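A.B. asks: Structure incoming, see below.
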Amino acid sequence: MNMLFIITGAVALVSAVMTVTRSNAIHALLYMVVSLLSVGMIFYILGAPFAAALEVIVYAGAIMVLFVFVIMMLNINRSRSEEKQWIRPSAWTGPVILTLTLATELVYALWPGTNGAFPILVISPVEVGISLFGPYLLGVELASMLLLAGLVGAYHLAHHIGPARDREGDRL
Amino acid sequence: MNPAIPVEYGLVLAGLLFATGLAGVLARRDLIFMLLSLEIMLNASGLAFVVAGAHWGTADGQVMFIFILAVTAAEVAVGLALLLWFHHMHQGLDADKANEMRG
């Protein structure tokens with residue numbers, strides 16, 4: 001289990017460094033998703049399955065999709081030939097190797113007989129939920145206010161970009 | 001407490017991830033990469049909370065991780081809207097272009 005943790009931590013660190021040092025935003029996003037997945041694996045190893053699920057669903061799912069949307073919106077005018085160049089093997093071998101490492105660890109952890117791979121003390125979602133809506137209820141309310149403020153702020157900013165684009169569309 | 005994994009390992013990993021994100025924010029000038037580096041830093045702080053929660057065997061670490069998740073989601077929504085706004089105004093994502101504010 002200690003070894004699993006070290007390998008997963010190395011994958012997380014390597015992919016984070018690769019994220020920061022890429023020149024292409026989409027390649028950086030690929031490495032970023034691998035980094036988030038490996039941090040989710042670390043949560044699972046540490047006995048926090050709820051945090052692991054949230055990490056995969058919210059971080060690697062929702063937030064990264066937002067980044068992909070924005071990069072797609074900004075790269076509208078790129079040509080097809082450039083896109084062909086982007087998906088050459090050197091772009092995806094690194095993330096694939098790191099992801100295969102994670103997949104191998106997952107298979108090892110779920111293999112029957114390797115009970116040592118499972119944490120001794122698991123903090124279940126039930127405990128997290130009881131704590132979240134017991135002593136931390138005020139924090140949940142504050143988080144909901146923050147999310148509402150983020151929604152209104154993002155809508156306001158995007159709303160003011162909108163009219164200029166519409167006028168361009170009218171001219172076309 | 002979870003005896004198989006020393007708490008130091010988790011905290012060192014969180015610190016290294018945080019340092020990576022910090023170096024990215026300081027070194028990169030592309031706004032998308034700066035936002036991604038901020039994500040790495042927030043993720044590392046969440047990892048530190050979960051490691052501490054696992055060390056003491058309480059759910060508080062995961063609760064704080066969920067709060068960090070909410071903060072991250074709000075930050076990314078507003079940050080990406082600002083990024084689109086910036087791209088609209090400056091025709092690029094270079095953070096050094098935002099130098100006309102005299103205050």
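A.B. asks: Mind checking the mean number of beta-carbon atoms from other chains within 10 Å of the Cβ atoms in A:52-64?
C.D. replies: 3
A.B. asks: Count, for each residue of B:37-45, the Cβ atoms from other chains sitting within 10 Å of its Cβ, then give me the mean as a whole number.
C.D. replies: Details: counts 5, 0, 9, 10, 1, 1, 10, 3, 0.
Mean partner shielding for this stretch: 4.
A.B. asks: If you don't mind, another one. Can you pull the one-decimal nm distance between simple spin-label points at residue B:98 and residue A:109, each 7 Å off the Cα toward Cβ?
C.D. replies: 3.7 nm
A.B. asks: Now, a different point. Let me confirm one metric for peptide B:77-89, namely the mean number of other chain beta-carbon atoms within 10 Å of its residues' beta-carbons.
C.D. replies: The per-residue average across the peptide is 6.
A.B. asks: Right, next: By average Cβ neighbour count within 10 Å, what is the ranking of B:11-19, B:90-98, A:31-39, A:126-134 from highest down? Could you put the intermediate results ahead of the total?
C.D. replies: Details: B:11-19: 18.0, B:90-98: 12.6, A:31-39: 25.8, A:126-134: 15.4.
Going from most to least packed, we get A:31-39, B:11-19, A:126-134, B:90-98.
A.B. asks: Cα convex hull of region B:7-94: how many Å³ per residue? Please list the in-between numbers first.
C.D. replies: On the way: hull volume 4.9 nm³, N = 88.
Per-residue hull volume (Cα only) is 55 Å³.
A.B. asks: Something else about it: For region B:1-95, state which GluC sites (Glu not before Pro) are in a DSSP loop and have at most 11 other beta carbons lying within 10 Å of their beta carbon.
C.D. replies: Loop-located and lightly packed - none at all.
A.B. asks: While we're on this one: Quick one, could you list the DSSP H helices from chain B stretching 15 Å or more along their long axis (Cα atoms) with average Kyte-Doolittle hydropathy of 1.6 or above?
C.D. replies: Result, helices passing both filters: B:7-27, B:31-56.
All of the numbers you see were taken from the coordinates with simple rules; none came from a lab. Since the model is a prediction, treat every value here as computed from it, not as a measurement. Here the Cβ is made from the backbone with ideal geometry for all residues, glycine too, and neighbour counts use every protein chain on show.
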